[in-house]
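A.B. asks: Take this structure first; my questions come after.
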There are 2 protein chains.
Amino acid sequence: MSPSAPVARTRRTRSAPRAAAFRPADLELAALARALGHPARVAILRMLATSGECICGGIVDRLPLAQPTVSQHLKVLKEADLIQGEVEGPRVCYCVKPETVNRLRTLLNEL
Amino acid sequence: MSPSAPVARTRRTRSAPRAAAFRPADLELAALARALGHPARVAILRMLATSGECICGGIVDRLPLAQPTVSQHLKVLKEADLIQGEVEGPRVCYCVKPETVNRLRTLLNEL
DNA sequence: ATCACTCATCGTATATTTACGATTTACGAT
DNA sequence: ATCGTAAATCGTAAATATACGATGAGTGAT
């Protein structure tokens with residue numbers, strides 16, 4: 001055998017694994033679960049749920065993470081629709097979106 | 001300003017972010033959520049929960065993924081204690097661990 | 001012992017996630 | 001306009017996750 005055969009291994013790209021065939025409910029649950037899949041994001045959600053409606057950048061002070069990192073986690077939660085934020089003067093106020101959290105609970109119960 | 005200042009950026013290693021201070025419940029919920037954070041793993045859990053107690057490698061046939069990939073996902077679920085597998089002759093039988101799923105539900109409800 | 005089969009593991013390529021300094025953007029106050 | 005504060009974004013380093021071919025380990029049958 002030629003030892004230098006290029007072989008041309010065709011490797012599937014990650015975003016198109018084989019057929020992309022997953023149930024919508026599975027995709028939805030996985031996306032929500034993944035958004036919860038980091039202790040900082042769970043901590044943020046708990047903070048927001050506990051301390052009433054919405055807290056602002058005080059979140060940063062209560063997490064062992066730098067401000068950009070927290071901002072990034074907030075973005076993940078926002079993109080999963082688990083929280084929402086509104087500008088309030090110079091600050092931004094975040095609050096949980098209970099309907100999405102409940103949606104997650106429902107999907108988990110239906111599992 | 002000197003344009004070639006080396007600056008010597010000290011970057012924190014990923015496994016010791018700043019203080020590693022997260023609530024145990026947050027860590028536990030995040031770990032379980034992360035294990036559910038992939039549609040294939042949700043699909044596997046649903047399969048096991050739906051089709052009675054335990055199915056074996058038929059899982060591979062019902063997923064759009066190669067066998068080693070499925071095996072890897074099974075390992076993730078096993079390590080999260082969400083499923084368990086026992087050897088049955090030449091095959092391996094997996095089943096859901098309902099107590100862990102319920103634990104996840106509880107943690108989510110307490111959020 | 002050999003074969004066929006099932007499943008786990010290894011090696012590795014690629015993609016994504018996580019973290020943070022530096023910078024930018026936006027706002028209110030002066 | 002400038003300043004100070006709050007938060008997002010940029011750029012990037014490092015870690016982790018995902019996928020799969022190749023290989024190994026285990027079993028039952030021949």
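The values are calculated or read from the model by the stated rules, or taken from the named source; none is laboratory data. Note that the structure is predicted; figures quoted are calculated from it, not measured. Glycine also receives a Cβ, built like all others from the backbone with ideal geometry; neighbour counts cover every protein chain displayed.
A.B. asks: Scan the stretch B:85-111 and report the pairs whose first residue is under 30 Å from A:THR50 (Cβ atoms) and whose second residue is among the polar types (S, T, N, Q), with Cβ atoms within less than 6 Å and a gap of 6+ or a chain change.
C.D. replies: B:LYS97/B:GLN84
A.B. asks: Give me the pairs, please: first residue somewhere in the stretch A:61-76 and under 14 Å from A:ARG34 (Cα atoms), second residue anywhere and part of a helix (DSSP H, G or I) and of a type in the set (A, V, I, L, M, F, W, C), beta-carbon distance under 8 Å, and either six or more positions apart or on two chains.
C.D. replies: Once the first residue is under 14 Å from A:ARG34 (Cα atoms) and sits in the stretch A:61-76, its partners that are part of a helix (DSSP H, G or I) and of a type in the set (A, V, I, L, M, F, W, C) give A:HIS73/A:ALA40; A:HIS73/A:ILE44; A:LEU74/A:ILE44; A:LEU74/A:ILE59; A:VAL76/A:ALA35.
A.B. asks: Could you grab me the full set of residues in the stretch B:46-64 that are crowded, with 22+ Cβ neighbours inside 10 Å and facing another protein chain (nearest Cβ under 9 Å)?
C.D. replies: B:LEU63
A.B. asks: Oh, and also: If I filter the stretch B:33-78 down to residues being assigned to a helix (DSSP H, G or I) and out of contact with any helix residue (DSSP H, G or I) (no Cβ under 9 Å at 6 or more places or on another chain), which single residue comes out as farthest from B:ARG91 (Cα to Cα)?
C.D. replies: B:THR50
A.B. asks: Within the stretch A:18-44, track down each residue that is of a type in the set (Gly, Ala, Ser) and at pLDDT 95 or above.
C.D. replies: A:ALA25, A:ALA30, A:ALA31, A:ALA33, A:ALA35, A:GLY37, A:ALA40, A:ALA43
A.B. asks: So, one more: Suppose we keep only residues that are near DNA strand D (Cβ under 10 Å from one of its atoms) and more than 24 Å from A:ASN109 (Cα to Cα) within the stretch B:71-91. Which one would you say is nearest to the other protein chains (Cβ to nearest Cβ)?
C.D. replies: Of everything passing the filter in the stretch B:71-91, B:GLN72 is nearest to the other protein chains (Cβ to nearest Cβ).
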